[in-house]
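One structure below.
The values are calculated or read from the model by the stated rules, or taken from the named source; none is laboratory data. Treat the numbers as computed from the prediction; the structure is a model and nothing was measured. Backbone-built Cβ (ideal geometry, glycine too); neighbour counts: all protein chains shown. Accessible surface is based on the protein model in full, side chains and every heavy atom, while ligands, DNA and RNA are left aside. Shrake-Rupley method; radii C 1.70, N 1.55, O 1.52, S 1.80 Å.
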Amino acid sequence: SWDTIGNAFFARTQIVDLSDWQRIWVVTSNFHMPRSKAIFEWIFSCSGGARAAGTYQLSYIETENVGLTDVEVKARQEREQRSLANVHQQAKKYTTLNDVMLFLMQDHDMYAVKGLNIDGTKKTNKISEDIKKSYQA
C-alpha cells in the first residue's frame, strides 16, 4: 500500500479478516504512532468485514526514531499532527469498510485515478525539504 490508511485497510481486508485473526500488533516509529493508532482503530472498528467491529485486539509497539535528525523528527511530528486531524474527520465520515474502499479509490490522492498524471506517475504535493530528507534516511 501507499500509506498508513492503505496499510490498515488492506491488512484488515486482505490478511486479518481472511485469516480470522483476532489479535494484531502494529509496530511503527515513535513519531508516527499517534496517527497510526488512530487509523488502525478507525479501520478495525468499521463495520462490513468478516468479523464484527470491536472484536479485534489491537496492540501497539513504538520503535525509536532511528536514522532521523532531531530536525527531521520534528518536521515529521508536525506533519503527523496536521494529518491526525484529517484522520479524525475521515473516521466520522467513513464508517464501513465499503465507505473506506470508495474513499480510497475515488478520493484519496495515493489511490484514486485523479491522483495520477497523464503518464501514470503520481502527482506530488509540496513537501518541506526536512520531510524529503527524512524519507531518504
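Based on the Stokes-Einstein relation at 20 °C and a viscosity of 1.002 mPa s, and on the Kirkwood radius from alpha carbon pairs, segment 22-69 is assigned a translational diffusion coefficient of 182 µm²/s.
As a test of reading the structure, rank LYS37, LYS92, LYS74 by solvent-accessible area (1.4 Å probe, protein chains only), most first.
So, going from the largest accessible area down, we get LYS92, LYS74, LYS37.
Counting only protein chain heavy atoms and rolling a 1.4 Å probe, the accessible areas of ARG76, ARG23 rank, largest first, as ARG23, ARG76.
Summary of packing: across the peptides 7-14, 100-107, the per-residue average of other C-beta atoms within 10 Å ranks them, highest first, as 7-14, 100-107.
Given a 1.4 Å probe and the protein chains as shown, GLU129 ends up with an accessible area of around 110 Å². Say a paramagnetic label sat at a point 7 Å from the Cα of GLU78, along Cα to Cβ; which residues of segment 20-35 have their backbone N under 17 Å from it? Under cut-off, by backbone N: 31-32. Once both labels are positioned 7 Å from their Cα atoms along Cα-to-Cβ, the gap between THR63 and VAL113 label points is 3.7 nm.
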